[in-house]
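Participant: Below is a structure I'd like to ask you about.
The values are calculated or read from the model by the stated rules, or taken from the named source; none is laboratory data. Remember, it's a predicted structure, so these values are computed and weren't measured experimentally. Counting neighbours? That spans all protein chains shown, and the Cβs are built from the backbone with ideal geometry, glycine included. Each accessible area value is taken on the protein alone, full model and side chains, heavy atoms only, with ligands, DNA and RNA left out. Shrake-Rupley method; radii C 1.70, N 1.55, O 1.52, S 1.80 Å.
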Number of protein chains: 2
Amino acid sequence: MSTVKRHKVILDEMEMPTRWYNILHDLPTPPPPYLHPGTGQPVGPEDLTPLFPMDLIAQEMATQQYVDIPPEVLDVYRLWRPSPLFRAHRLEAALKTPARIYYKYEGVSPAGSHKTNTSVPQAFYNAKAGITKLTTETGAGQWGTALAFACAQFGVECEVWQVRASYDGKPYRRIMIETFGGSIHPSPSELTAAGRAILAEHPDSPGSLGIAISEAVEVAAQSPETNYALGSVLNHVLMHQTIIGEEALRQFAKIDDTPDLVVGCTGGGSNFAGLAFPFLREKLAGRINPVLRGAEPASCPSLTQGVYAYDFGDTAGMTPLMKMHTLGHDFIPDPIHAGGLRYHGMSPLLSHVYELGLIEAVAHRQRECFAAGVLFARSEGIVPAPEATHALAEVVDEARRCAETGQEKAILVSLSGHGHLDLPAYGAYLDGSMSDHAYEESEIRDAVAEALTRLPSIPG
Amino acid sequence: MSTVKRHKVILDEMEMPTRWYNILHDLPTPPPPYLHPGTGQPVGPEDLTPLFPMDLIAQEMATQQYVDIPPEVLDVYRLWRPSPLFRAHRLEAALKTPARIYYKYEGVSPAGSHKTNTSVPQAFYNAKAGITKLTTETGAGQWGTALAFACAQFGVECEVWQVRASYDGKPYRRIMIETFGGSIHPSPSELTAAGRAILAEHPDSPGSLGIAISEAVEVAAQSPETNYALGSVLNHVLMHQTIIGEEALRQFAKIDDTPDLVVGCTGGGSNFAGLAFPFLREKLAGRINPVLRGAEPASCPSLTQGVYAYDFGDTAGMTPLMKMHTLGHDFIPDPIHAGGLRYHGMSPLLSHVYELGLIEAVAHRQRECFAAGVLFARSEGIVPAPEATHALAEVVDEARRCAETGQEKAILVSLSGHGHLDLPAYGAYLDGSMSDHAYEESEIRDAVAEALTRLPSIPG
């Protein structure tokens, strides 16, 4: 007879946190400001009003420790939140490790990932400001799905430009966005000057996130009732995601345990930061002492191989200059299946925290990530998103180290989403056709060095 | 400011029911026995041993009121159970109805549907009996996924024959089965005599459930260490699914409410029975008085237009004769997207309950089902499985009737699974290319009457 093991730590929805956490309040130094690319001067709220409502601009620049979550946002969050914290007994058994492995699962959300934690408040604040339409870009499609769902809750129109290669190759995501009521175009499109310019030169262009951003921003800038929404990177996005870590802290309190290691995947940084920042607050206050570790793809290693410098947030150079870990704004990563991690830069706030020595980073190759994903699926019954497999690869490594040393570490990992719409990637892994994008370290170093020669200079 | 509304009723996993409910104990008369097609005599346990382990055969014929769930099965159930009960506040608002709508959501399971409630015990009892491999058929793929996951938990090999048309057209399901460690073949295949016979005559055969069953059964019958598993229809399958209704009863007790109407979709009958039977026990005992209503596709209306007669469970006529509501074992329903509801018959046990007048049935057309599914997705954030949209179509109708009459009914609906792997069906609905399979009633009556001329005769 098997013994009774608890698999889940559940919070009642009435126990859900009602405030987001703003780590800027607790850092020893503030991050460097965003700079205007024309003047080299710090960007002010007025520079951001063409694209964002004042509530979100205020949150981007906020310094108070907590921001109340509006009741209307809490009401939507409660459709799926609090998200469950799982103890991975079956994965532990498969790894024969003495480590205790916990995962905080965000795949229960309407979009299947953590992205709805920020799309819902973004749609709410825009609706409150009288905005009737939001535009955005999406690559693999997680963010576009999350924004389409959120817009449906507040009666806001949602228009998405999806990178053409993904639009054609991942039709399920497109249909999910339409099911939630969003409209979607392949990018480049004939609908914008930016898109038409690209198509004139490259009629068969597969598109890129940089082009899709240009199209979404162009449309948003044309109408005072249309704004633009971004799914990661910015301070307010990371703050919205802290509900993940706030819930996890309450869940660990319920079982009287605390993690020795917190792991999350890092692309733009919002999933990892959302889990890790509340734990970092507790660490800075001396109450706990976990190691916080981001896991990134070896083919797009902005934290482990990038430089900390002012760079553009997009490929085309339309955004403010942001000091961040970057591989160079025109670095094109290999087309790995974890589309959400294929970003040349890293959240300026998370980059700053990394520079302060408060978090660690590691990089993993694609095939070891999918090996961890398959092991996880067979053990725990959840097929993880390709992005999340990077965090799982690090957990597997750490758990095996614990098996060697006998250390009974408690490991907490952020499982950012499910991989139901990414199953072709698992197919490629299982049939052996998946490339490892296994650059030699020297090769990627050379490619990054080359891209870094084109970092922008700061005027003034 | 919005008021604080509870969206979910959650049971802790330690509150999960530990017994399945066997409705045979409480029915006024037992259902007619299965008959041997050669002799016309009732089938005994020994007739079933080539395919099933004795524990499951005993459950198939059990008459006690409850069967304890083995601890090993409870431990796997706890990966996702108890499943949440939701109050659909946003759907109610969209429908402007005074009805209270609740849904019991089974899409949180590893396979994304209720099918794991029976695949896990089936794999467990087979492993306990020394069986090393299970074979099965799958159409759309929900059942094959559920069995592959369950087999991975108990170290049993899983071999699935998937209808060729689905295998080619729905590759995501195939990959999910492989991700869980199952092996899968398109059916008809060259691996069995049954498959080779079909291919010799029709090299391009798209396959059918009937053929796939033949292939899976043929392989299972060849080896004493290989058994066969079925995902619906049989008594023990329906009993395993009663954990859905047992949980729902406990969840309603927590909020001091009780449903006036319980709705579920009916294909083979296991999802609806799993929710409804525990409520029927309470109704038969005079403690509550809900209406219990199955919702089936208008294009495959076994309850609303079939006859109650002895028929084969499969197309090829290899199974025992079962008295059930049937459209005739060679009736081929239109290829609607709700693959799980395209079955010519209905669970003999549920058919018997229907004959006793204890449940109602309605039929819905495909486009009204998807309209309900899209409304549900935009309101509640879950894209329902095509099967589940049939139950939702009935809920929408009932809620609108309540809006007209002012009745404040409590409606409970079983949401059998999510539709992440069925998004192409939503695409067809949204772009207007979905056919309604909207036979005139007279047309389907004629088609059924024709198929019923070929009902088997009972020997002896």
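Participant: Looking at region A:44-60 only, could you name the residues that are modelled with pLDDT of 95 or more and of a type in the set (A, V, I, L, M)?
Facilitator: Selection gives A:Met54, A:Leu56, A:Ile57, A:Ala58.
Participant: Considering each of A:Glu398, A:Glu404, A:Glu360 in turn, give the residue that is under 21 Å from the mean Cα position of the chain (by Cα), under 25 Å from A:Arg87 (Cα atoms) and among the acidic types (Asp, Glu).
Facilitator: A:Glu360 is the lone residue from the list that is under 21 Å from the mean Cα position of the chain (by Cα), under 25 Å from A:Arg87 (Cα atoms) and among the acidic types (Asp, Glu).
Participant: Something else now. Would a scan of region A:437-453 turn up a residue that is within 12 Å of chain B (Cβ to nearest Cβ), touching a residue at least 24 places away in the same chain (Cβ under 8 Å) and either surrounded by fewer than 24 Cβ atoms within 10 Å (Cβ to Cβ) or out of contact with any Asp or Glu (no Cβ under 6 Å at 6 or more places or on another chain) (or both)?
Facilitator: Start the filter on region A:437-453 by keeping residues that are within 12 Å of chain B (Cβ to nearest Cβ), which leaves none.
No, every residue in region A:437-453 fails to be within 12 Å of chain B (Cβ to nearest Cβ), touching a residue at least 24 places away in the same chain (Cβ under 8 Å) and either surrounded by fewer than 24 Cβ atoms within 10 Å (Cβ to Cβ) or out of contact with any Asp or Glu (no Cβ under 6 Å at 6 or more places or on another chain) (or both).
Condition check ((1) under 18 Å from A:Ala229 (Cα atoms); (2) of a type in the set (Lys, Arg); (3) without any contact (Cβ under 8 Å) to a residue 24 or more places away in the chain) across all residues:
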position	(1), (2), (3)
A:Thr29	no, no, no
A:Tyr34	yes, no, no
A:Gly40	no, no, no
A:Leu48	yes, no, yes
A:Leu51	yes, no, no
A:Gln64	no, no, no
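Participant: Looking only at region A:291-303, decide whether some residue is more than 15 Å from the chain's Cα centre (by Cα) and either among the basic types (Lys, Arg) or modelled with pLDDT of 95 or more (or both).
Facilitator: Narrowing region A:291-303 to residues more than 15 Å from the chain's Cα centre (by Cα): A:291-292, A:298-299.
From what's left, either among the basic types (Lys, Arg) or modelled with pLDDT of 95 or more (or both): A:291-292.
Yes, because at least one residue in region A:291-303 is more than 15 Å from the chain's Cα centre (by Cα) and either among the basic types (Lys, Arg) or modelled with pLDDT of 95 or more (or both).
Participant: Only residues that are touching a residue at least 40 places away in the same chain (Cβ under 8 Å), within 12 Å of another protein chain (Cβ to nearest Cβ) and among the hydrophobic types (A, V, I, L, M, F, W, C): list them for region A:160-189, please.
Facilitator: Those that are touching a residue at least 40 places away in the same chain (Cβ under 8 Å), within 12 Å of another protein chain (Cβ to nearest Cβ) and among the hydrophobic types (A, V, I, L, M, F, W, C): A:Met176, A:Phe180, A:Ile184.
Participant: From the list A:Gly432, A:Gly427, exactly one residue is without any contact (Cβ under 8 Å) to a residue 12 or more places away in the chain, within 14 Å of another protein chain (Cβ to nearest Cβ) and either within 18 Å of the chain's Cα centre (by Cα) or outside any helix (DSSP H, G or I) (or both). Which is it? Step through it out loud before you land on a result.
Facilitator: Numbers: A:Gly427 fails: either within 18 Å of the chain's Cα centre (by Cα) or outside any helix (DSSP H, G or I) (or both).
Sole residue among the options that is without any contact (Cβ under 8 Å) to a residue 12 or more places away in the chain, within 14 Å of another protein chain (Cβ to nearest Cβ) and either within 18 Å of the chain's Cα centre (by Cα) or outside any helix (DSSP H, G or I) (or both): A:Gly432.
Participant: Here are some residues: A:Pro188, A:Pro171, A:Pro224, A:Pro203. Which one is surrounded by fewer than 21 Cβ atoms within 10 Å (Cβ to Cβ), closer than 27 Å to A:Leu421 by Cα and of a type outside the set (Lys, Arg)?
Facilitator: Only one candidate qualifies: A:Pro171.
Participant: Check region A:69-81 and report whether any residue there is among the charged types (D, E, K, R), touching a strand residue (DSSP E or B) at 6+ places or on another chain (Cβ under 6 Å) and modelled with pLDDT of 95 or more. Can you show your working first?
Facilitator: Here is the first cut: in region A:69-81, the ones among the charged types (D, E, K, R) are A:72, A:75, A:78, A:81.
Those still in the list that are touching a strand residue (DSSP E or B) at 6+ places or on another chain (Cβ under 6 Å) too: none.
So far as region A:69-81 goes, no, none of its residues is among the charged types (D, E, K, R), touching a strand residue (DSSP E or B) at 6+ places or on another chain (Cβ under 6 Å) and modelled with pLDDT of 95 or more.
Participant: Quickly run through region A:126-159 and pick out the residues that are assigned to a helix (DSSP H, G or I), among the hydrophobic types (A, V, I, L, M, F, W, C), without any contact (Cβ under 8 Å) to a residue 60 or more places away in the chain and away from chain B (no Cβ under 12 Å).
Facilitator: Listed by number, the list holds a single entry, A:Ala127.
Participant: What pairs can you find where one residue is in region A:204-226 and over 16 Å from A:Val160 (Cβ atoms) and in the same structural domain as A:Gly139 (by TED's automatic domain parsing), the other is of a type in the set (Lys, Arg) and outside any loop (DSSP other than H, G, I, E, B), and their Cβ atoms are less than 6 Å apart, with a gap of 6+ or different chains?
Facilitator: Listed pairs, sorted by first residue: A:Pro206/A:Arg164.
Participant: May I pose another question? Kindly indicate which of A:Val73, A:Val67 is surrounded by fewer than 23 Cβ atoms within 10 Å (Cβ to Cβ) and among the β-branched types (Val, Ile, Thr).
Facilitator: A:Val67
Participant: Only one of B:Leu358, B:Leu392, B:Leu375, B:Leu350 is open to solvent by 20 Å² or more (accessible area, probe 1.4 Å), at negative phi and part of a helix (DSSP H, G or I); which? Give the derivation first.
Facilitator: Working: B:Leu358 fails: part of a helix (DSSP H, G or I); B:Leu392 fails: open to solvent by 20 Å² or more (accessible area, probe 1.4 Å); B:Leu350 fails: open to solvent by 20 Å² or more (accessible area, probe 1.4 Å).
Criteria check complete, one pass: B:Leu375.
Participant: Taking A:His236, is it under 19 Å from the mean Cα position of the chain (by Cα) and under 17 Å from A:Met324 (Cα atoms)? Even if it seems obvious, please write down each step before you answer.
Facilitator: On the way: under 19 Å from the mean Cα position of the chain (by Cα): yes; under 17 Å from A:Met324 (Cα atoms): yes.
It is true that A:His236 is under 19 Å from the mean Cα position of the chain (by Cα) and under 17 Å from A:Met324 (Cα atoms).
Participant: Something else now. Going by the conditions given, is A:Leu249 in contact with a strand residue (DSSP E or B) (Cβ under 6 Å, 6 or more places away or on another chain), at pLDDT 95 or above and among the aliphatic types (A, V, I, L, M)? It would help to see each step written out before you state the result.
Facilitator: Details: in contact with a strand residue (DSSP E or B) (Cβ under 6 Å, 6 or more places away or on another chain): no; at pLDDT 95 or above: yes; among the aliphatic types (A, V, I, L, M): yes.
It is false that A:Leu249 is in contact with a strand residue (DSSP E or B) (Cβ under 6 Å, 6 or more places away or on another chain), at pLDDT 95 or above and among the aliphatic types (A, V, I, L, M).
Participant: Taking A:Gly245 as the residue in question, decide whether it is open to solvent by less than 10 Å² (accessible area, probe 1.4 Å) and not in a helix (DSSP H, G or I). Give the steps one after another, and end with the answer.
Facilitator: Values: open to solvent by less than 10 Å² (accessible area, probe 1.4 Å): yes; not in a helix (DSSP H, G or I): no.
When the stated conditions are applied, A:Gly245 does not pass them.
Participant: Scan region A:11-60 residue by residue and report those that are within 14 Å of another protein chain (Cβ to nearest Cβ) and either open to solvent by 50 Å² or more (accessible area, probe 1.4 Å) or in contact with a Phe, Trp or Tyr (Cβ under 6 Å, 6 or more places away or on another chain) (or both).
Facilitator: A:Met14, A:Glu15, A:Thr18
Participant: I've got another one for you. Across region A:98-113, which residue is farthest from A:Ser83 (Cα to Cα) among those that are assigned to a loop (DSSP other than H, G, I, E, B) and open to solvent by less than 20 Å² (accessible area, probe 1.4 Å)? Break it down into steps so the answer makes sense when it comes.
Facilitator: To start, the set of residues in region A:98-113 that are assigned to a loop (DSSP other than H, G, I, E, B) comprises A:98-99, A:106-112.
Imposing the further condition that a residue be open to solvent by less than 20 Å² (accessible area, probe 1.4 Å) reduces the set to A:99, A:106-107, A:109-112.
On the way: A:Ala99: 23, A:Glu106: 6, A:Gly107: 9, A:Ser109: 8, A:Pro110: 12, A:Ala111: 13, A:Gly112: 12 Å.
Of everything passing the filter in region A:98-113, A:Ala99 is farthest from A:Ser83 (Cα to Cα).
Participant: What residue, among those in region B:378-387 that are within 14 Å of chain A (Cβ to nearest Cβ) and not in a strand (DSSP E or B), is nearest to B:Phe86 (Cα to Cα)?
Facilitator: Here is the first cut: in region B:378-387, the residues within 14 Å of chain A (Cβ to nearest Cβ) are B:378-386.
Right, trim to not in a strand (DSSP E or B) and you get B:378-383, B:385-386.
Details: B:Arg378: 15, B:Ser379: 12, B:Glu380: 9, B:Gly381: 12, B:Ile382: 11, B:Val383: 14, B:Ala385: 17, B:Pro386: 19 Å.
Looking at residues that are within 14 Å of chain A (Cβ to nearest Cβ) and not in a strand (DSSP E or B), I get B:Glu380.
Participant: Sort out which residues of region A:400-413 are surrounded by fewer than 24 Cβ atoms within 10 Å (Cβ to Cβ) and either within 14 Å of chain B (Cβ to nearest Cβ) or in contact (Cβ under 8 Å) with a residue 60 or more places away in the chain (or both), and write them in order of number.
Facilitator: So in region A:400-413, the residues surrounded by fewer than 24 Cβ atoms within 10 Å (Cβ to Cβ) come out as A:400-410.
Across region A:400-413, the qualifying residues are A:Arg400, A:Cys402, A:Ala403, A:Gly406, A:Gln407, A:Glu408, A:Lys409, A:Ala410.
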